[in-house]
Amino acid sequence: MLRRPDIRHKSCWNDKGRFRIISRFRLSCDRLRLAHYLLGSTILISAIAFYNRYPLVFSDSGTYIRSAFLLEPPADRPIGYGLIIRAVTWQSTLWTVVLFQSFMLAWLLFETLKKLLPAGASVRRVHLVLVVVLVLLTSMPWYAAQIMPDIFTPMIALVLFLLFRAPELGVAKRGFLWVCLFFFLMTHYAHSAMALLLLLGMAGARLLWRHRSAGPGFWTNWAGSLAVLAAGVLFIAWLNGRNGMRPVFSPASNVFLAARLCENGMLQDFLHEHCGDRNYALCPYQDALPMVPVEFIWGDNSITYRLGPKITVADSLLAPVVHDLLLEPQYLGRFVRSSLVASVTQLFQVSAASGLSPYEKGSAPYMEMEQRLPWELSSYTTSMQANGAWWDLGFANRVVRITLLLSACILAWHRKTWSTHSELRFLIFLLLAWVALNAAITASLANVFDRLQSRVAWLVVLAACLALLQSAWGRRLLEKPEFRAA
């Protein structure tokens, strides 16, 4: 009888066929262990949802759930997040949305560390420490646990880093990243403006400082990113046209701009000056304009509802006044000055989470849950959020703000250290630029709101943690035996 050869015997290692089988077996085992590890990291990142006993929701969550089930684009937001929800929920549960968001974060952070860490360092252990820090000390887990597209805003920056600086990922992973970039960009209107400005800035930096810019394949990746952005914008515009709206990227852009122009009395002053000779639809309401953008857009007593009541109707009526105001140098100058102040103010609007009210019966999230996912309504109504557990996050907010301040100090103190590492320098500049662009775009075109900045503020903490790994302390830590790869 033939006996199965002992793979531990030296002669087996000299056999090319058996050596290939053993190598493939070890590779499969490594991939399985990595999958188990990433699953554990996913659970850790989404821990707040499990602690809450159901995914967190915001007032806008109902609109996204509805768009996912009906596949109809809302007039005031793109359908990208609705498509993601549709793809990962199978129209049966919202838990898979949170798990998908958390998995993508875990995986993107893991691939980023693989690119940055030196050979021999244990990526998993460093990744675990990094995830624990971000979960305990930043706003990241609060937004990963929500049925909202805000968590994809910071992920776009990580996707762009990997596309530009990690060509060794392979065809499959890079293809998956390009698909992710397309859908992530289409989850929020601000993403398109932010990505366009970032790409223009990267092109300018490449032309001015060639030796300090991105590496080989920069223009290919740059053109690909721009093409993905353009394709997404055209897709959203086409879908809006097919659903009875104007075939434009944002059918409600004039509404949001008009609401923004109400701040500091700009719109009111313009109407007082020109309503005598121009018949704007807003003239009858010139003395009733609110100073807060939210009150202009939402509610049965809002200006938008009185003009509409559909937001697309109000948008068409507001287009002339918004256009004329921004063409006048005096008011354009006021708008630019106001936007600069608002952008700086937005940078400091950071909290652990925002708007986690108990959305009870009659609210948009409750009604959509009741109609679309009635089998999960009991879990929704018995969650900690539904019982008012997250009204006061004072301690968590203080922790997040202190951590952010310390991170900014670390980045400034260790600048000479991390700026010598080309990959890390590129990533940190990318993350900081993304945080600044988020503040500028949201404050200029929408309003100053803490949740809009809190969704990306943790990228500063991520940058600080990576910078610490390049310090003398970080290098000593990575050289310790327990942090070396097995």
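The values are calculated or read from the model by the stated rules, or taken from the named source; none is laboratory data. None of the values given here were measured: they were computed from a predicted structure. FYI the Cβ positions are ideal-geometry reconstructions off the backbone, even for glycines, and counts take in every protein chain you see.
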Residue check, Leu239 touching a residue at least 40 places away in the same chain (Cβ under 8 Å) and crowded, with 20+ Cβ neighbours inside 10 Å: no
Residue that is in contact with a Leu (Cβ under 9 Å, 6 or more places away or on another chain), among the polar types (S, T, N, Q) and surrounded by 12 or more Cβ atoms within 10 Å (Cβ to Cβ), where the choices are Gln371, Gln385: Gln385
The stretch 284-310 - residue that is buried (at least 16 other Cβ atoms within 10 Å of the Cβ) and of a type in the set (A, V, I, L, M, F, W, C) and, of those, farthest from Ser339 (Cα to Cα): Leu307
Residue list for the stretch 64-85, restricted to those being over 17 Å from Ile151 (Cβ atoms) and of a type outside the set (Gly, Ala, Ser): Arg66, Phe69, Leu70, Leu71, Glu72, Pro73, Pro74, Asp76, Ile79
Evaluation of Pro358 against (1) within 19 Å of Asn52 (Cα to Cα); (2) of a type outside the set (Phe, Trp, Tyr); (3) part of a helix (DSSP H, G or I); (4) in contact with a Gly (Cβ under 7 Å, 6 or more places away or on another chain) (one fails), failing number: (3)
Ala281 being in a loop (DSSP other than H, G, I, E, B), modelled with pLDDT of 90 or more and touching a helix residue (DSSP H, G or I) at 6+ places or on another chain (Cβ under 6 Å): yes
Unmet requirement for Gln349, which otherwise passes all of (1) assigned to a helix (DSSP H, G or I); (2) among the polar types (S, T, N, Q); (3) within 30 Å of Val461 (Cβ to Cβ): (1)
Among the candidates Ala119, Ala106, residue that is in a loop (DSSP other than H, G, I, E, B) and either modelled with pLDDT under 95 or not basic (Lys, Arg) (or both): Ala119
Test: Ala157 is touching a residue at least 40 places away in the same chain (Cβ under 8 Å) and in the same structural domain as Ile79 (by TED's automatic domain parsing): yes
Index of the failed condition, Ser250 passing every other in (1) polar (S, T, N, Q); (2) part of a helix (DSSP H, G or I); (3) under 19 Å from Leu445 (Cβ atoms): (2)
Helices (runs of 4 or more DSSP H) contained entirely in the stretch 394-458, each with at least 1 residues that are in contact (Cβ under 8 Å) with a residue 60 or more places away in the chain, surrounded by fewer than 21 Cβ atoms within 10 Å (Cβ to Cβ) and aliphatic (A, V, I, L, M): 394-413, 422-445
Residue, nearest to Gly82 (Cα to Cα), within the stretch 183-201, restricted to residues that are touching a residue at least 40 places away in the same chain (Cβ under 8 Å) and over 13 Å from the mean Cα position of the chain (by Cα): Ala193
Residue in the stretch 342-360 that is closer than 20 Å to Leu257 by Cα, hydroxyl-bearing (Ser, Thr, Tyr) and either over 29 Å from the mean Cα position of the chain (by Cα) or surrounded by 16 or more Cβ atoms within 10 Å (Cβ to Cβ) (or both) present: yes
Answer from Phe249, Phe256 - the residue that is under 27 Å from Ala190 (Cβ atoms) and crowded, with 19+ Cβ neighbours inside 10 Å: Phe256
